[in-house]
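Report on the structure given below.
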Amino acid sequence: MRTLFLMLACASCCAPADAQPTRPTTGNGDSSTAAAGPSGGRYVATITGRVGIAVVDRDKVELRDRTVYVNGRSFGRVPEVCEIRYVVSKEGATLYVVGQPRAAPAPRR
């Protein structure tokens, strides 16, 4: 069974996930939104804004400090305000940044 958990983080506070409002503010007038759920046999988590965390089928997707991480591994820098989508299907998982698939950067030598 696939599990889906979505949490938004605020830059100025850390409340339990069930206490988070739908559109939390970051304290400077900016806001982030999140949505998640099954869609056509897939699970889709979306983070829009500057910060957020989504957990889908044991994968943790995190947007913070203008960088997106999946399970703690950086998938690179992102625009200051953007939309991150993480799609999990039978075939695997795909991360999208502003509508484009994103792979993890190659390790530095």
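I'd like to verify a number: residues in the stretch 54-81 that are over 9 Å from the mean Cα position of the chain (by Cα), without any contact (Cβ under 8 Å) to a residue 40 or more places away in the chain and under 21 Å from Gly40 (Cβ atoms), how many?
Qualifying residue count for the region: 1.
Please state which one of Tyr86, Tyr43, Tyr96 is aromatic (Phe, Trp, Tyr) and either modelled with pLDDT of 95 or more or in a loop (DSSP other than H, G, I, E, B) (or both). It would help to see each step written out before you state the result.
Working: Tyr86 fails: either modelled with pLDDT of 95 or more or in a loop (DSSP other than H, G, I, E, B) (or both); Tyr43 fails: either modelled with pLDDT of 95 or more or in a loop (DSSP other than H, G, I, E, B) (or both).
Tyr96 is the lone residue from the list that is aromatic (Phe, Trp, Tyr) and either modelled with pLDDT of 95 or more or in a loop (DSSP other than H, G, I, E, B) (or both).
If you check every pair at least six apart or on different chains, which have Cβ atoms under 6 Å apart with a residue in the stretch 82-97 that is free of Cβ contacts under 8 Å to residues at least 60 places away in the same chain and polar (S, T, N, Q) first and a residue that is in a strand (DSSP E or B) and open to solvent by less than 60 Å² (accessible area, probe 1.4 Å) second?
Thr94/Val87
The values are calculated or read from the model by the stated rules, or taken from the named source; none is laboratory data. Since this is a predicted model, take the numbers as computed values, not measurements. Backbone-built Cβ (ideal geometry, glycine too); neighbour counts: all protein chains shown. What goes into the accessible areas is simple: the full protein's heavy atoms, side chains included, and nothing from ligands, DNA or RNA. Shrake-Rupley method; radii C 1.70, N 1.55, O 1.52, S 1.80 Å.
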